[in-house]
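Got a structure for you, written out below as structure tokens; questions coming shortly.
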Amino acid sequence: MEEVLRRFTLDYFGRGKHKTSPEAFFEAENALLLDVRSREEAESLAISLAFHGNVACLNIPIHEIPDRVGEIPRDKAVGVFCPANVRSALVYAFLVMRGFEDVRIVVGGYAALTEALMPGKLLKKTQAG
């Protein structure tokens, strides 16, 4: 843990190496949106990204992450999501400590995800793919 904490310098955070916007994340070639909301939250408002073939979605509630970390692929860019980025930040730090190299917090919560999937942006995506 000490080595991970030593990497979290002003340069690291100042350059935003710990986060990504939904738009930038959706452009990744091989990505996983890791939804760390509770099962109840995820089932109430599901995210599938059916028209984003480059992004898979996986819901693992934060309290299950330690037991299910093996389900998170290491060969994908992992974007961690929750509504207010509190749980995302905790899971981000946990995954970095577990050796995940390409993990980011998807910032902005529901509002940012919704904005990134507005009809005009979604139309461009469906016409491009």
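The values are calculated or read from the model by the stated rules, or taken from the named source; none is laboratory data. On a predicted model such as this, the values are computed, not experimentally measured, just so you know. Virtual Cβ from ideal backbone geometry, glycine too; neighbours counted across all protein chains shown. Ligands, DNA and RNA are excluded from the accessible area calculation, which covers all protein heavy atoms including side chains. Shrake-Rupley method; radii C 1.70, N 1.55, O 1.52, S 1.80 Å.
Is it true that some residue in region 63-74 is closer than 30 Å to A128 by Cα and among the aliphatic types (A, V, I, L, M)?
Looking for residues that are closer than 30 Å to A128 by Cα and among the aliphatic types (A, V, I, L, M), one finds at least one in region 63-74, hence yes.
A further question on this structure: Going by the conditions given, is E40 within 25 Å of K121 (Cα to Cα), among the charged types (D, E, K, R) and either open to solvent by 80 Å² or more (accessible area, probe 1.4 Å) or in a helix (DSSP H, G or I) (or both)?
Answer is no for this residue.
Sticking with this one: I'd like to know if region 38-54 contains one or more residues that are among the small types (G, A, S) and in contact (Cβ under 8 Å) with a residue 40 or more places away in the chain.
yes
Scan region 52-62 residue by residue and report those that are assigned to a loop (DSSP other than H, G, I, E, B) and out of contact with any Ser or Thr (no Cβ under 9 Å at 6 or more places or on another chain).
Across region 52-62, the qualifying residues are H52, G53, N54, I60.
Let me ask something else. For L58, indicate whether it is under 26 Å from K124 (Cα atoms), at pLDDT 95 or above and open to solvent by 30 Å² or more (accessible area, probe 1.4 Å).
yes
Quick check: anything in region 63-72 within 22 Å of V4 (Cα to Cα) and not in a helix (DSSP H, G or I)?
Scanning region 63-72 turns up at least one residue that is within 22 Å of V4 (Cα to Cα) and not in a helix (DSSP H, G or I).
Residues in region 75-91: is at least one in contact (Cβ under 8 Å) with a residue 12 or more places away in the chain, among the basic types (K, R), in a loop (DSSP other than H, G, I, E, B) and surrounded by fewer than 20 Cβ atoms within 10 Å (Cβ to Cβ)?
Looking through region 75-91, none of the residues is in contact (Cβ under 8 Å) with a residue 12 or more places away in the chain, among the basic types (K, R), in a loop (DSSP other than H, G, I, E, B) and surrounded by fewer than 20 Cβ atoms within 10 Å (Cβ to Cβ).
Residues are listed down the side, and each one gets a yes or a no for (1) modelled with pLDDT of 90 or more; (2) of a type outside the set (G, A, S); (3) not in a loop (DSSP other than H, G, I, E, B):
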residue: V4; (1), (2), (3): no, yes, yes
residue: Y12; (1), (2), (3): no, yes, yes
residue: K17; (1), (2), (3): no, yes, no
residue: L33; (1), (2), (3): yes, yes, yes
residue: I47; (1), (2), (3): no, yes, no
residue: A50; (1), (2), (3): no, no, no
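Now, a different point. Can you tell me which residues in region 92-129 are open to solvent by 60 Å² or more (accessible area, probe 1.4 Å), assigned to a helix (DSSP H, G or I) and modelled with pLDDT of 80 or more?
M97, A111, T114, E115
What residue, among those in region 19-31 that are open to solvent by less than 40 Å² (accessible area, probe 1.4 Å) and not in a loop (DSSP other than H, G, I, E, B), is farthest from Q127 (Cα to Cα)?
T20
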